[in-house]
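To start, the structure under review is shown below, and the notes come after it.
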Amino acid sequence: MGEYARCAAIARAVTQKWPGAAMHFVLSRAAPYADSVPFPTTLLPSSATFHSAAVIELMQSWRPQVVLFDNAGRTAQLEAARRLGARIVYISARRRQRGKAFRMRWMRLIDEHWIAYPKFIAGELTFLERLKLKLLRRPVVRYLDVILAHAPALDAAAILSRVGCVAGSYVLVVPGGGTGHPGAAAAVGQFLAAAGSLAARGAVTVFVGPADLGEEGPPSNANLRAVGALPQADLGVLMRGARLIVTNGGSTLLQAIACGAACVAVPIARDQAERVRRCVDRGVAIASPLKAGRMAQIAAALWDDEPARAALAQRAAGLALADGVEVAVRALGELIEPKPFRN
């Protein structure tokens, strides 16, 4: 889900910057968002990583100027894109994929390598990575920091009104899209139970999660607003207006921090634990285990401790994370727009 959300945000920004630009997504038909992509899409039986022939055939018929591989891809696919004259962007969101992108063979194929997280999460370039870049003089490496779509001011007011909230007066609980991880199958239920507990304590609580909340549905409480899944721009509005956010340790956590919010971070996947630890070490989040009772307890204590909550939010805002969408669009412009001639 994180890869798709990131690419969709970039694609929307590209169409705003260049209204005539054509976009095409290649996705697994098993993805929960496959039927709602607002761009032309080719659906494959599983991840495009496992269907090189179909990916290459599409590129040969469509002839794209730029091919963006987000945390996935095969050497054969990159080589085919290069043979067709396309510029290649690779996004790495995990250590293993970053290592692949820094193999000499791939570095010769890739024009731009975008690291999906800020430096304090992903780490500075290592000595070996810097040496390889110096030797090959490619690709360009950029940190995207955080991807967060923006809604117009009028839309923001309408979104808050529709949910029935006033900015600065509610808890936002977001389990995120990546809930199918080993050992975390019940993550949504834990987040929902925590949201119900917070609402029962008297805090207006907004739960943003899957629309299918089971036969029982959300807990019955006048303070709880369960709004189902939301477009990223709408979620961004709720993040900016929240007094406190309880979220997983994936991209949603960094989006919340970028909004200057006080956060309770709950790792639901193996790679999220380290990410949460780094945020806690920087003083921009408080960690909680994936247990509804502890999540509600920690969030309630922070809700009641205004100096601690305000300090957490201030440190989050102080990170001044870059808007990864702007970074991406600027980089794409450098790839596709002709440079002015100079004598």
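For region 216-268, which positions are among the hydroxyl-bearing types (Ser, Thr, Tyr) and buried (at least 21 other Cβ atoms within 10 Å of the Cβ)?
Thr247, Ser251, Thr252
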Hand me the list of strands (runs of 3 or more DSSP E) wholly inside region 46-150 holding 3 or more residues that are within 27 Å of Ala269 (Cβ to Cβ), modelled with pLDDT of 95 or more and open to solvent by 20 Å² or more (accessible area, probe 1.4 Å). 140-143
Taking only pairs six or more apart or across chains, which ones have beta-carbon atoms under 9 Å, a first residue in region 249-276 that is in contact (Cβ under 8 Å) with a residue 60 or more places away in the chain and over 20 Å from Ile298 (Cβ atoms), and a second residue that is among the hydroxyl-bearing types (Ser, Thr, Tyr) and surrounded by fewer than 24 Cβ atoms within 10 Å (Cβ to Cβ)? Ser251/Tyr117
Condition broken by Ile245, with the remaining ones in (1) more than 23 Å from Ala8 (Cβ to Cβ); (2) under 21 Å from the mean Cα position of the chain (by Cα) satisfied: (1)
Of the residues Ala310, Ala287, Ala316, Ala296, which single one is touching a Leu at 6+ places or on another chain (Cβ under 7 Å) and either more than 18 Å from Asp145 (Cβ to Cβ) or crowded, with 17+ Cβ neighbours inside 10 Å (or both)? Ala296
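The values are calculated or read from the model by the stated rules, or taken from the named source; none is laboratory data. A quick note: this is a predicted structure, and the numbers were derived from the prediction, not measured. Don't worry about glycine lacking a Cβ; one is built from the backbone with ideal geometry, like all the others, and counts go over all protein chains shown. What goes into the accessible areas is simple: the full protein's heavy atoms, side chains included, and nothing from ligands, DNA or RNA. Shrake-Rupley method; radii C 1.70, N 1.55, O 1.52, S 1.80 Å.
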